[in-house]
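Worksheet: one structure, shown below.
The values are calculated or read from the model by the stated rules, or taken from the named source; none is laboratory data. Quick caveat, the model's predicted, so the values are computed rather than measured. Using ideal geometry, Cβ is built from the backbone for each residue, glycine included, and neighbour counts are taken over all protein chains shown.
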Amino acid sequence: MERLIQNTMIRRVRLLDILIHSNQWVPIKELTKRLNCSQQTLLSDCDYFENEWLDYVVIEISKKLGIRIYMHKNHSVSELYKKMMKNSSDLSLLESFFFYPNRDTSFHTKRLYISESSLYRSYKKLNLVLSDRNMDITHNQDKYVLVGENELQIRLFLILYFCEAYEESEWPFPINKYFIYELTNDAIKIFPFKVTLDSIKFLMYSMAISIIREEQGFTFSVNHNFEKTSDKNRIIFEKIKEILHSKYPKINYEKFCQSIFWWNYILVDYEEKSTIETLSNKYIELLCSSLNIRIAEKNRVALSNWIQFIYVRHRIYPFQEYIIHNRFAQSCVSIRKNYPVYTQEVKDILISLEKQTQFPWYSDYYEELVHETFFHWNELYKQLDKKYSKLVVVVYSDLGEEHEIFLAYLLNNKFPDRVDVHCARKVKLSNVHQCEITCDLCISNYTLKNVDPQNFLVVEDIPSTKNWIDISYCINQKVTIKASRK
């Protein structure tokens, strides 16, 4: 999917990824090597962020330390990625082909303020990527149309694209948003997944795109008995039909519902349904057993439904689902730092299931399952924290007992479930400067002698952001080692 955007933007996105995930100084030489670019190009990319996205990021450059980046407190990195996507001329052309099929070159060039040669280059690039996904932008008699072998696959591609490119507060479709809200209010009642702003957005975008494609003459149907499947929710489906036909009477509501609730109609084979349901429950049971944790029944059902949803989604669209921003990857990095034992168990289970089923549970969906399992599970973070035995931390300060108490207070507030903090003077260690440290970790604002460097950190009098990053990393590493020995 990266081929849908310019090489310059790809490099800038990767630079942003590296700096955001590291959350600290990264040497310039390391960045030029990883991005395969010159130092001049790297600094030019930094200038781009400083000039174009000043309200979103702060970039600091040091000849000695390298480069680091901070997001402004009122913006998220995903918001910045969305803004960058909207600046892509290739993606703007993709949207134009979707919203305005059967229009000629002159229409699109005037609408996007681009030259014919630029349009042709973008068109060729788009087709190169879309052809790998069984889709194509046809160009007959100077008319451009987005087509493919599977209409549902096209719609899912468009849903994933618009969900990535637009915020929840934005509405990019030429359909009354409140009309879609009205449809969604009924549809959400039979939505089998956890209801969040993100899932509501997915459902609303699905409806808008399905209506647009149907109105454009691109029909969709599944060889399945709709009446039989929808019978238990007949009242809700009748309400959806009533609302839909109040504004779009020509749209076949059965095909519309199949397009929206497609996961109910893809697995028509009972044996396949049963197999994937058993596998999803096995994943949950293995995680419960390996981590010795519990899950509430409603959470188990919701998580099982999501795992089955991943399977069906892959059946329809077995391709990379994001263009520039993998939201799950970013989340997974943070979860792995704080709960390494949990992420390792998920990894081991998925690798095993992938070998058994020949389905890419780990290869393609590890990050998504780390994220979704973590947030579908009832208070998983609390259960995991209780499994870890606290690290014994001793705090030293050359500013006296009150400063030791202050540092201990900060540590206890920052890591309440991870550390048991003691002040050196309170435990009456006889020789502060020459003592043998027997705790798990020693933290001091000055250098101590005869201390294992692996168990010792020096911090500023008031710990800096870098200090907290080092402390957090060290604690997580030690917690993982202790847990693995149990």
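Okay, here's what the table says:
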| item | result |
| --- | --- |
| Candidate set: segment 90-111, residues that are small (Gly, Ala, Ser) and more than 24 Å from the chain's Cα centre (by Cα); chosen: the one surrounded by the most Cβ atoms within 10 Å (Cβ to Cβ) | Ser96 |
| Residues of segment 20-63 satisfying the condition of being loosely packed, with under 13 Cβ neighbours inside 10 Å and in contact (Cβ under 8 Å) with a residue 60 or more places away in the chain | none |
| Given (1) surrounded by fewer than 16 Cβ atoms within 10 Å (Cβ to Cβ); (2) free of Cβ contacts under 8 Å to residues at least 24 places away in the same chain; (3) of a type outside the set (A, V, I, L, M, F, W, C); (4) not in a loop (DSSP other than H, G, I, E, B), number of the condition Pro249 does not satisfy | (4) |
| Condition check for Lys189: assigned to a helix (DSSP H, G or I) and either at pLDDT below 90 or at positive phi (or both) | yes |
| Near pairs, Cβ below 8 angstrom, 6+ apart or cross-chain, from segment 218-241 (modelled with pLDDT under 85) to any residue that is assigned to a loop (DSSP other than H, G, I, E, B) and crowded, with 17+ Cβ neighbours inside 10 Å | Val222/Trp262 |
| Tyr317 being out of contact with any Cys (no Cβ under 7 Å at 6 or more places or on another chain), without any contact (Cβ under 8 Å) to a residue 60 or more places away in the chain and not acidic (Asp, Glu) | no |
| Residue in segment 63-73 that is assigned to a helix (DSSP H, G or I) and under 30 Å from Leu158 (Cα atoms) present | no |
| Qualifying helices (runs of 4 or more DSSP H) (wholly inside segment 318-395; at least 1 residues being within 30 Å of Asp452 (Cα to Cα)) | 327-338, 340-357, 380-387 |
| Segment 172-192, residues that are of a type in the set (Phe, Trp, Tyr) and buried (at least 17 other Cβ atoms within 10 Å of the Cβ) | Phe173, Phe179 |
| Which listed residue is closer than 16 Å to Ile20 by Cα, more than 27 Å from the chain's Cα centre (by Cα) and modelled with pLDDT of 90 or more, from Ile137, Ile61, Ile114 | Ile61 |
